[in-house]
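Contents: one structure, followed by commentary.
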Amino acid sequence: MHELSIVTNILDTIEENAISHNATIVHEIELEVGELAGVEFDALEFAMEHAPKSELLKNVKFNILKVKPIAKCQICQFEFETSEYASDCPKCKSFKTEIIKGNELKIKSFKMD
Ligand SMILES: [Zn+2]
């Protein structure tokens with residue numbers, strides 16, 4: 001399950017950061033996850049619950065912010081919401097569109113003490 005390795009990577013990153021800030025506990029991690037990031041949200045939540053966690057992270061809460069995908073037309077520059085990787089421009093019908101938002105998975109912020 002690749003969601004578990006994603007979560008493990010996130011936890012490693014946060015832990016390194018927490019240690020370098022002399023934190024003793026991490027309370028919350030806020031993630032921005034695009035609907036086209038290629039992850040199953042259910043599997044991601046399951047992985048968050050079940051990933052092995054260190055002392056620092058044992059009570060951490062995850063807050064997932066879903067990001068609606070936005071595509072941009074390269075011909076007329078029109079930006080529109082989409083639910084797929086390849087969609088044609090609703091304005092000029094061009095197929096030259098690219099996803100500019102909604103395929104990311106990133107740590108937005110986290111709270112620690
Ligand atoms: Zn267009």
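Please work out how much accessible surface Glu49 shows to a 1.4 Å probe, ignoring ligands, DNA and RNA, in Å² rounded to 10.
Accessible area, nearest 10 Å²: 140 Å².
Roughly how many Å² is the accessible area per residue of the chain, as a whole number, for a 1.4 Å probe?
62
222 nm [θ] for the chain, helices only, -39500 (n - 2.57) per DSSP H run of 4+, per residue, to 500?
Rounded to the nearest 500, it is -8500 deg cm²/dmol.
Take the chain, mark every one of the chymotrypsin sites (Phe, Trp or Tyr not before Pro) that falls in a DSSP loop and has at most 15 other Cβ within 10 Å, then report the longest stretch left between them, sites excluded.
Result, exposed sites excluded: 1-77.
Given a cut-off of 21 Å, what percent of all Cα-Cα pairs of the range 2-112 lie beyond it?
Here the long-distance tail beyond 21 Å is 45 percent of all Cα pairs in the range 2-112.
Between Lys106 and Ile19, what FRET efficiency comes out of the Förster formula 1/(1 + (r/R0)^6) with R0 = 22 Å and r the beta carbon distance, rounded to 0.05?
Computed FRET efficiency for Ile19 and Lys106 comes out at 0.60.
Which ³J(HN,Hα) values in Hz, rounded to whole numbers, follow from the phi angles of the range 50-64 under the Karplus curve 6.51 cos²θ - 1.76 cosθ + 1.60, where θ = phi - 60° and Gly and Pro get x?
9, 4, x, 10, 7, 3, 4, 10, 5, 10, 5, 10, 9, 10, 9
Kindly flag which residue pairs out of Lys58/Lys101; Lys68/Lys106; Lys61/Lys101; Lys58/Lys111 have an alpha-carbon separation exceeding 23 Å in this structure.
Cα-Cα > 23 Å for Lys58/Lys101; Lys61/Lys101; rest within.
Around Glu28, which amide H atoms from residues at least 5 apart in sequence, or from another chain, sit under 5 Å from its own amide H, with H modelled in the peptide plane?
Distant-sequence amide H within range of Glu28: Lys61, Lys111.
Carbon and sulfur atoms: what percent of the 1.4 Å accessible area of the range 2-112 do they account for?
49
For the range 94-109, just list the computed ³J(HN,Hα) in residue order, Karplus coefficients 6.51, -1.76 and 1.60, θ = phi - 60°, integers in Hz, with x standing in for Gly and Pro.
Couplings: 5, 8, 7, 10, 9, 6, 10, 7, x, 10, 9, 9, 9, 7, 8, 6 Hz.
If you place +1 on the Cβ of every Lys and Arg and -1 on the Cβ of every Asp and Glu, how big does the dipole about the Cα centre of the range 2-112 come out, in debye to the nearest 20?
That gives a dipole near 440 debye.
The values are calculated or read from the model by the stated rules, or taken from the named source; none is laboratory data. Treat the numbers as computed from the prediction; the structure is a model and nothing was measured. Please note: Cβ atoms are built from the backbone with ideal geometry, for glycine as well, and neighbour counts cover all protein chains shown. Just so you know, the surface numbers come from the protein's heavy atoms only, side chains and all, with ligands and any DNA or RNA stripped out. Shrake-Rupley method; radii C 1.70, N 1.55, O 1.52, S 1.80 Å.
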